[in-house]
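Enquirer: A single structure is presented below for examination.
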Amino acid sequence: LEVIDHNLEELLGLKANLVRQLDDTKIVEMLTNNDFLDVASLYHVAETFRQEGEIRTEMGQIAQAQNCQVRALNLFLEVCFAVNNDFLEADERVDELFDALGDNTPEDTLFSTFDYYEQVGAYDRAEISINRMLRATGENPEILAERRAFYERMLAESDEELVAGGLNRETIKRAYQQLL
């Protein structure tokens, strides 16, 4: 944990306890200069939070571990959304953290994962994200509408695209019909 603190301090120029008090948006802002996001530094901050999450899990500090995992996931998503993303392993980290957090993923993070997975063509994971959002929000009508729109977008895709994304047309048709 001392190494984690040192890494955070070196990457962001603040004491680690202050870094932990910042929200993820502020961290991204701190790493942006003249509209240029330092994607490499952001990746390393995300990786540092991910590693802290692993350590805290091993220590049995589950709530703190999940907080670190959520922060890492949010920051890895920012890396993935960056135009100049050369960090392909960030995609793997998103998958790993998404799976580890499961239903403990906050709603705003779920929406980001949904958006990300749809953009990269991982439609099966996008579907999991939207379903988790529905459970988290008690089937919020806005999320139901977004789920319906998602299935409509999927129905417009080719069979090859759907299969590559982990879904098939029949499954989508059935899910869409249940929403009508």
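Enquirer: Which one of GLU161, GLU96 is over 17 Å from CYS80 (Cβ atoms), open to solvent by 50 Å² or more (accessible area, probe 1.4 Å) and assigned to a helix (DSSP H, G or I)? Don't jump to the end; show me each part of the working.
Expert: Numbers: GLU96 fails: over 17 Å from CYS80 (Cβ atoms).
Checking each option against the conditions leaves just GLU161.
Enquirer: Of the numbered conditions (1) free of Cβ contacts under 8 Å to residues at least 12 places away in the same chain; (2) in contact with a His (Cβ under 6 Å, 6 or more places away or on another chain), MET59 fails exactly one; give the number of that condition.
Expert: Tallying (1) free of Cβ contacts under 8 Å to residues at least 12 places away in the same chain; (2) in contact with a His (Cβ under 6 Å, 6 or more places away or on another chain), MET59 fails exactly one: (2).
Enquirer: Can you tell me how many residues in region 42-73 are part of a helix (DSSP H, G or I), among the polar types (S, T, N, Q) and surrounded by fewer than 24 Cβ atoms within 10 Å (Cβ to Cβ)? Can you show your working first?
Expert: Let us first name the residues in region 42-73 that are part of a helix (DSSP H, G or I), namely 42-58, 62-73.
So of that shortlist, the ones also among the polar types (S, T, N, Q) come out as 48, 51, 57, 64, 66-67, 69.
Applying the additional criterion that residues be surrounded by fewer than 24 Cβ atoms within 10 Å (Cβ to Cβ) yields 51, 57, 64, 66-67.
Qualifying residue count, region 42-73: 5.
Enquirer: Looking at region 49-65, can you tell me whether even one residue there is over 19 Å from LEU110 (Cα atoms) and modelled with pLDDT under 95?
Expert: No, there is no match, as no residue in region 49-65 is over 19 Å from LEU110 (Cα atoms) and modelled with pLDDT under 95.
Enquirer: Please go through region 103-125 and give me each residue that is open to solvent by 10 Å² or more (accessible area, probe 1.4 Å) and under 16 Å from ASN67 (Cβ atoms), ordered by number.
Expert: Matches in region 103-125: ASP103, ASN104, PRO106, GLU107, ASP108.
Enquirer: May I pose another question? Which pairs have Cβ atoms under 8 Å, sit 6 or more apart or on different chains, and link a residue in region 128-144 that is in contact (Cβ under 8 Å) with a residue 60 or more places away in the chain to one that is surrounded by fewer than 16 Cβ atoms within 10 Å (Cβ to Cβ) and among the basic types (Lys, Arg)?
Expert: From residues that are in contact (Cβ under 8 Å) with a residue 60 or more places away in the chain, there are no pairs.
Enquirer: Any chance region 81-91 includes a residue that's out of contact with any Lys or Arg (no Cβ under 9 Å at 6 or more places or on another chain), over 26 Å from PHE111 (Cβ atoms), open to solvent by 80 Å² or more (accessible area, probe 1.4 Å) and modelled with pLDDT under 95?
Expert: Within region 81-91, not a single residue is out of contact with any Lys or Arg (no Cβ under 9 Å at 6 or more places or on another chain), over 26 Å from PHE111 (Cβ atoms), open to solvent by 80 Å² or more (accessible area, probe 1.4 Å) and modelled with pLDDT under 95.
Enquirer: Note down all Cβ pairs under 6 Å where the first residue falls in region 2-15 and is closer than 15 Å to ARG50 by Cα and without any contact (Cβ under 8 Å) to a residue 12 or more places away in the chain, the second is open to solvent by less than 60 Å² (accessible area, probe 1.4 Å) and outside any helix (DSSP H, G or I), and they're at least six residues apart or on different chains.
Expert: Going by the 6 Å Cβ cut-off, there are no qualifying pairs.
Enquirer: Which residues, taken from region 13-37, are buried (at least 16 other Cβ atoms within 10 Å of the Cβ) and at pLDDT below 90?
Expert: Scanning region 13-37 gives a single hit, LEU37.
The values are calculated or read from the model by the stated rules, or taken from the named source; none is laboratory data. The model shown is predicted, which means the values in this text are computed figures rather than measured ones. Cβ sites come from the backbone with ideal geometry, for glycine too, and all protein chains shown count toward neighbours. For accessibility, only protein heavy atoms count, side chains too; no ligands or nucleic acids. Shrake-Rupley method; radii C 1.70, N 1.55, O 1.52, S 1.80 Å.
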